[in-house]
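Nothing in this text is a laboratory measurement; each read-out follows from the coordinates by a stated rule. For clarity, every value in this text was computed on a predicted model and none was experimentally measured. Note: ideal-geometry Cβ built from the backbone for every residue, glycine included; neighbour counts use all protein chains shown.
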Amino acid sequence: MSAPDVFAPATLGPIALRNRTVKAATFEGATPDGEVTDRLIDFHLAVARGGVGLTTVAYLSVAPEGRTHRDVIVLEERALPGLTRLADAVKATGARIAGQVGHAGPVANGRSNGVHALAASRMPSPLSMQMVRSASEADLARITRAYVDGARLLVRAGFDVLELHMAHSYLISSFLAPGLNRRKDAWGGPLEHRMRLARQVARAVREEVGDEVAITAKVSTGDGFKGGVTTDEGLALAQALEADRSVDALELSGGSSLMNPMYLFRGEAPVKEFAATMPWLVRTGMRTPVGRSFLRSYPFQEAYFWDRAVRFREAVDLPLILLGGIDRTDTMERAMEAGFDLVAMGRALLREPDLVNRLAAGRADAGVCVHCNRCMPTIYSEAGTHCPVIAGPTLARI
Ligand SMILES: Cc1cc2nc3c(=O)[nH]c(=O)nc-3n(C[C@H](O)[C@H](O)[C@H](O)COP(=O)(O)O)c2cc1C
């Protein structure tokens, strides 16, 4: 049987997609005070009109202390009208819309949020220079409930897909990682215990929404730091989620926003730009040796999670979304041949929101993003997240 055409219609759980391309979550920096703005809508309209099958609204927090910083949207009633307007606008283009649902755990900036971050275990935060407290039983019950309520809110807003964030050292990932989880109770120790929160949350969300929408999880193929989630642990989680039937697909990521963010992206670390735009406390951290190693570079390679992703393909039957350094039509075709179901792109679409249309029409066979990563620090800029290389002209072309 020949491999599916990446630009032809497909399904994701109960959702029909016009093609197999996904805009990966890239925090938009367009929600001052946690409100949906026209700028956020325009951001997603650009990639939706640009041909993507599914666009992902980045990081929506289930609780106030789970925000990465104070401008992140919290999934509560007051967010409903804005999220509905956003979903309606995207769906009118023929694209579908996903919301990334999560709790940042130790990646939350407690100082910015005005409420202390929490994680599997107590630890100092390199982001806020505060102590992160250990989540109590009551916290975990409350947060699980908050995932369910947040999921329901997004369904009411008309979202098609819920992406549960289980990677990058966010809360669920901080439980999975043995180096971040030193608990002695039923949430720590053996992998079965460390996976408990991930499984509990996914099951509870599935129970709430059934097959009204698709549920995906962004999982780690390896965190890339000592004490982080290993590839084998990521595989075990994938198998557990498959056995639970709680998700419709997995998006394969890696790295840690807390310990080694560049492992997520590959390519040059934009240390100078980060130092210029991050809040003063973080800026101070970046000038220290620890801060600098926090932003060490990893060489860029097209489809850099490929080898590990193939191991996931062999280990589970669940639909898989390949992510990480996908910029070319031939890579997408190779992914389809290898049995991946969808391909997701972050930076390539920040650089060229209409890339999918151009690739599908054969007007190009590769994107022009150079992986300089200077888009990363723009998430903290006044203008919001953009490609500083040619952001203006690219958006104007749509
Ligand atoms: C500016 C920027 C912001 C990002 N924000 C998020 C985020 O909020 N949540 C998330 O899971 N990943 C985030 N990512 C990671 C991307 O989803 C993706 O995993 C990564 O960019 C690798 O894909 P790519 O090579 O196609 O860019 C972000 C990436 C960039 C460049």
Fill in the blank from the handout: In a Gaussian network model of the chain with springs linking alpha carbons closer than 10 Å, the residue among M129, M259, M376 that fluctuates most is M129
Exercise for the section: Quote to one decimal, in nm, the extra length available between R152 and D330 on full extension: 0.36 nm per residue of separation minus the C-alpha distance between them. Expected result: 60.3 nm
Fill in the blank from the handout: Only helices counted: for the chain, with every DSSP H run of 4 or more residues adding -39500 (n - 2.57) and the sum spread over all residues, [θ] at 222 nm is -10500 deg cm²/dmol
Practice task
Can you tell me the order of 141-149, 54-62 when each peptide is scored by its average per-residue count of other Cβ atoms within 10 angstrom, highest first?
Solution key: 54-62, 141-149
Practice task
Sort largest first and round to whole Å: the equivalent ellipsoid semi-axes of segment 1-89, each the square root of five times a Cα gyration tensor eigenvalue.
Solution key: 28, 14, 12
Practice task
Arrange the peptides 201-209, 352-360, 379-387 so that the one whose residues have, on average, the most other Cβ atoms within 10 Å appears first.
Solution key: 352-360, 201-209, 379-387
Handout entry: Amide hydrogen neighbours beyond the local backbone of E163, cut-off 5 Å, H modeled
Key = G99, Q100, V101, T216
Handout entry: Inter-part distance where segment 159-224 and segment 1-41 are each reduced to a Cα centre, Å
Key = 21 Å
Problem - With 10 Å bins from 0: P(r) over the chain, alpha-carbon pairs, percent - result: 5, 25, 37, 27, 6, 0
Problem - Electrostatic dipole magnitude of the chain [Cβ: Lys, Arg +1; Asp, Glu -1; Cα centre; debye, to 20] - result: 1100 debye
Practice task
Taking only the C-alpha atoms, wrap a convex hull around segment 65-138 and report its volume per residue in Å³ as a whole number.
Solution key: 108 Å³
Fill in the blank from the handout: Around A30 (Cβ within 10 Å, Cβ-to-Cβ, excluding A30; K/R +1, D/E -1) the net charge comes to -4
Exercise for the section: Place the peptides 305-317, 156-168 in order of packing, highest mean first, counting for every residue the other Cβ atoms within 10 Å and averaging per peptide. Expected result: 156-168, 305-317
Handout entry: Rounded D (µm²/s) - segment 152-233, Kirkwood Rh over Cα pairs, Stokes-Einstein at 37 °C, 0.692 mPa s
Key = 243 µm²/s
